[in-house]
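Only the coordinates and a few stated rules stand behind these numbers; no lab work does. Predicted model, so just to flag it, every value in this text is computed and none were measured. Positions of Cβ are generated from backbone atoms using ideal geometry, with glycine treated the same way; all protein chains shown enter the neighbour counts.
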Amino acid sequence: MARGIPMEMGAKGAPMMKDEKGMGKKMSVEVEIEKGPMEPEEEEMMGKAREMDDMEEEAYGATAPRGDFSAGGLNALVDGLNAVLPLFGMPDYERFSDGMTTLPPKFVKQLTMVNEAAMAAGLDDMTIDFATITDDKSLKMAAGKLRALAGNTSFKRFLRSERPEAPTAPAPGGMPEEPMAAPAAQMGMSEDDLMMSRLS
């Protein structure tokens with residue numbers, strides 16, 4: 001008759017088997033989760049999203065300023081942009097470690113966003129003309145416009161007005177607060193009628 005092999009739990013909860021000499025042997029249990037293939041609809045949606053990202057990057061790359069830009073000149077413009085981005089609720093743009101001849105599409109995209117907001121606020125004279133950016137001097141001039149825009153009161157007021165209103169805060173119990181009852185005059189009742197309805 002076969003003897004059962006006693007089992008114990010290890011220090012970390014792993015099963016232990018005792019051999020004939022009573023020595024513990026830890027059993028390793030591995031669980032593999034297989035990922036099934038993507039549905040055709042999911043693959044199609046992801047493919048379209050990648051295509052849109054590529055088209056957007058290509059579009060901003062086509063309008064990107066080109067010239068002889070050092071890391072110092074580029075970072076001057078980064079500092080100017082980072083002075084404005086908090087007004088949009090966005091994190092800082094990363095600084096450059098090397099010079100380049102063409103601004104990255106992502107950088108151009110954020111600069112374009114600021115330009116469009118400035119034009120919508122009626123501050124066309126504070127926008128950046130990408131065609132004029134060809135060297136470090138023009139980068140620093142563009143950075144100056146961004147810093148001035150970041151401190152412009154009317155621009156800040158415009159951005160605040162464009163943001164959606166915050167929803168009504170819920171009551172402590174987690175349910176939305178009930179609106180206050182309308183006054184008797186607004187309900188078309190006199191004070192005497194209201195008093196009689198309460199007594200009845």
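Scan segment 119-139 for residues that are surrounded by 15 or more Cβ atoms within 10 Å (Cβ to Cβ), in a helix (DSSP H, G or I) and not hydroxyl-bearing (Ser, Thr, Tyr) and the total you get is 4. Considering the conditions (1) under 30 Å from Arg160 (Cβ atoms); (2) touching a residue at least 60 places away in the same chain (Cβ under 8 Å); (3) among the acidic types (Asp, Glu), Glu56 is excluded by exactly one of them, (2). The requirement of being assigned to a helix (DSSP H, G or I), out of contact with any helix residue (DSSP H, G or I) (no Cβ under 6 Å at 6 or more places or on another chain) and without any contact (Cβ under 8 Å) to a residue 60 or more places away in the chain is not satisfied by Glu94.
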